[in-house]
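Notes to accompany the following structure.
The values are calculated or read from the model by the stated rules, or taken from the named source; none is laboratory data. Since the structure is predicted, the reported quantities are computational estimates derived from the model, not experimental observations. Cβ coordinates were reconstructed from backbone atoms using ideal geometry, including for glycine residues, and neighbour counts include every protein chain displayed.
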């Protein structure tokens, strides 16, 4: 996807941070990936693909509410990216699994009097 974005994108500095963020994500260096993608978004707040990537980073960090918020914003900026819709579905499922897990824990360990 990077080459496709690079060919369509004119803010080279923001794209550089986006690319670095992708590399850190692949290396499971989430804090650095988040730092780089935040830099890209500071340079270009309408960089839809960067919001999708940040959503993926948040997902890997188990911060599902922010992940879903970012991917929804990405879709609002550019609604024809299949990867964004895939990411949104994945985040929704993970958020639901987290909720079910917390609910099961509470049901098992908490007694209502």
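In the range 85-93 there is at least one residue matching the filter, namely being within 18 Å of residue 40 (Cβ to Cβ), part of a helix (DSSP H, G or I), within 12 Å of the chain's Cα centre (by Cα) and modelled with pLDDT of 75 or more.
Are any of the residues in the range 59-66 in a helix (DSSP H, G or I), at pLDDT 80 or above and buried (at least 18 other Cβ atoms within 10 Å of the Cβ)? Spell out how you get there, then give the answer.
Step one: of the range 59-66, the residues in a helix (DSSP H, G or I) are 59-60, 64-66.
Retained after the next criterion (residues that are at pLDDT 80 or above): 59-60, 64-66.
Adding the requirement that they be buried (at least 18 other Cβ atoms within 10 Å of the Cβ) leaves 59, 64.
Looking through the range 59-66, at least one residue is in a helix (DSSP H, G or I), at pLDDT 80 or above and buried (at least 18 other Cβ atoms within 10 Å of the Cβ).
In the range 71-83 there is at least one residue matching the filter, namely being at pLDDT below 90, surrounded by 10 or more Cβ atoms within 10 Å (Cβ to Cβ) and part of a helix (DSSP H, G or I).
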